[in-house]
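Reading through the C-alpha cells given below for one structure.
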Amino acid sequence: MENSAIGKIYVAVFAAAVCASPVAVAVDFTSTISAGLKYTDNARLTSQNEEDDWIVSGDLTASLIETGGPFDANVNSSLRYQDYVNGTYSDRTYFNLGALLAWKQIANRLEWQASDFFSQTQVNSTDPNTPNNLQNTNVFSFGPNINFPISGRQSISVSPVFRDFYYENSDTDNQQYGVNAGWYYQMYPTLNVGLNGSVTEVRYDNDNVNSDFTRTSYQGVLSGNRPRSVYTLRLGVTNIDRDNFDDQNGASGSLDWLFTVSGRSSLRAFLSSDLNDTSSAYYSSQIDPDTGDYANVQTSGDVLRNNTARVTYTRDGTVVMTRVWTEFRDLNYDVAPDDRRVMVVGTSLDRRISPMTTAGVYGRYNRTKKTDITRTDKTYVAGGIMGFNLSRKLSANIDLQYQKKTSTQAVDEYSEYSVFAGITYGLAGF
C-alpha cells in the first residue's frame, strides 16, 4: 500500500499546484452527500443457503474540473460506507479516485502529465461481485510529453513515463518504466501518417512468482478526419522478452473509429490486438472505458494476447438518453490457465417524464467461456430506476434490480432480487 499512498501524495501536490495557479481561468467544483438503503434476498450471491440482508450506505463525492491557462485538471473521488444490518459481511468502506492532471510548462513543447486511479476490482473475475471478492487497486502514472516541431507539417514526440501498480489481494504489484517516441507528418489537412515506437521495463515486487519482462513495440500510424468521422489506425509488431519464461512476439494493432450519427448521437468502434500485461489493460480501461471493460479480464502477473472488439452507441437527447454497447474479448495467457472468450451486451435508456421526474431501464448479458477448463458462465442483469428532483440541490431515486447467473459449475449459480432507495444533497459548487 505504500507505493499507492506515495502516488496519491504526488497527485495531491500536483493538484494543489494546479489549483493555486493564478493563471487558471475556469474551475468547476461540485460535491454531494447521500444516504441509501438496499434490500437483497441473496446477499452472498450463492446457489444454496441464501441470506437476505439490509445494507445501509453513506456516500460522499467530490469532483474538480479546471481548464484554461497552462493547467488542466479532471479529478473525481468518492467515499462509500456500507453497513450490513444482518451481519452477512462486516462493515465496509470503499474509496475511489480518478485524477488526470496536466501542466503545459512550455506551450506546444513540454507538458507534464500525472494521473492516479484507485478503485475496487474483482480478485477472481468470474466469481460473484461481493465484498470478499474485491480488492483495492491503484495505478499512478507520471511523466513528460515533449514535442519537437520540425516544420509546419512534421513533428517528433518523446514521452518517458513511470507507472506504479498496486493490488491489495493479488501478488502482482509492479512498476513500469518506459519511453514512447513518434514521428508524425500531415500529408493532407484530413490525413496524417506516422511511426511510433515504445520500450517498457516491467518489474514485479515479487519476481519469484512473476517474471519481469521488457516490452518493445513498433507501429505505423494512420489517422484522419472526415466531416462526420474521426479514425486512427495502428499496425506493427510487439516483442516481449521475459526473464523466466519463453519470449513472445507477434503482430499488434488497433482501430479507433468515431462516427457522428447526428448532432446528439454517435457510434464508436474500437478493435485491438496486442501482447501485453493485465496491468496495462487496467490502466487503459481507466483512461477510456470504451476501449474495454476490465471486469472481463483476470488480474495476473502473466503476459497475454488481448484481442478486443467493442462498439458503443450513445444518444444524448433532450428527453431520452440511450447507451448501447457490445464487447468481445479473446484473452490468451502465456502460462496461467486463465484463457477465456467473453461476450457482453449492455444497454441503458433514461427518459425525462417531467421536469422533476426521470425513469430509466438497463440490462446486461455476459457470457464467459474459460477455454482451459471447459467452463461457461452466463450472467443476466435487468433493472429499472426512478429519479426525483425534490429541489435544486435535493434528489431521490429508487432502483429495482434482478440478476441471475448460470454456469456449467452448478455450485456457482445464483439469482438475486434487490431494491435500493437513496437520497442525495448537493453540498457545494462553484
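A short reminder: the numbers here are calculations on the coordinates, not readings from a lab. Here the structure is a predicted model, which means the values were calculated and not measured. Glycine also receives a Cβ, built like all others from the backbone with ideal geometry; neighbour counts cover every protein chain displayed.
What the table shows:
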| item | result |
| --- | --- |
| Residue within region 71-81 that is assigned to a strand (DSSP E or B), more than 30 Å from Arg367 (Cβ to Cβ) and among the acidic types (Asp, Glu) present | yes |
| Given (1) in a strand (DSSP E or B); (2) in contact (Cβ under 8 Å) with a residue 24 or more places away in the chain; (3) buried (at least 16 other Cβ atoms within 10 Å of the Cβ), index of the condition Leu60 fails | (3) |
| Residue in region 393-406 that is hydrophobic (A, V, I, L, M, F, W, C), closer than 30 Å to Asp339 by Cβ and part of a strand (DSSP E or B) present | no |
| Region 211-252: number of residues that are touching an Asp or Glu at 6+ places or on another chain (Cβ under 7 Å) and in a loop (DSSP other than H, G, I, E, B) | 5 |
| Enumeration of residues in region 159-212 that are closer than 22 Å to Asn124 by Cα and β-branched (Val, Ile, Thr) | Thr172, Val209 |
| Ile353 over 29 Å from Asp288 (Cβ atoms) and without any contact (Cβ under 8 Å) to a residue 12 or more places away in the chain | yes |
| Residue list for region 301-312, filter: more than 29 Å from Gln175 (Cα to Cα) and surrounded by fewer than 17 Cβ atoms within 10 Å (Cβ to Cβ) | Val311 |
| Residues of region 251-284 that turn out to be among the small types (Gly, Ala, Ser), surrounded by fewer than 14 Cβ atoms within 10 Å (Cβ to Cβ) and farther than 19 Å from Phe328 by Cβ, as a count | 2 |
| Which listed residue is in contact with a strand residue (DSSP E or B) (Cβ under 6 Å, 6 or more places away or on another chain) and in contact (Cβ under 8 Å) with a residue 40 or more places away in the chain, from Lys370, Lys378 | Lys370 |
| Residue within region 185-194 that is within 25 Å of the chain's Cα centre (by Cα) and either part of a strand (DSSP E or B) or in contact (Cβ under 8 Å) with a residue 60 or more places away in the chain (or both) present | no |
| Verdict on Asn276 being under 24 Å from Thr121 (Cβ atoms) and not in a strand (DSSP E or B) | no |
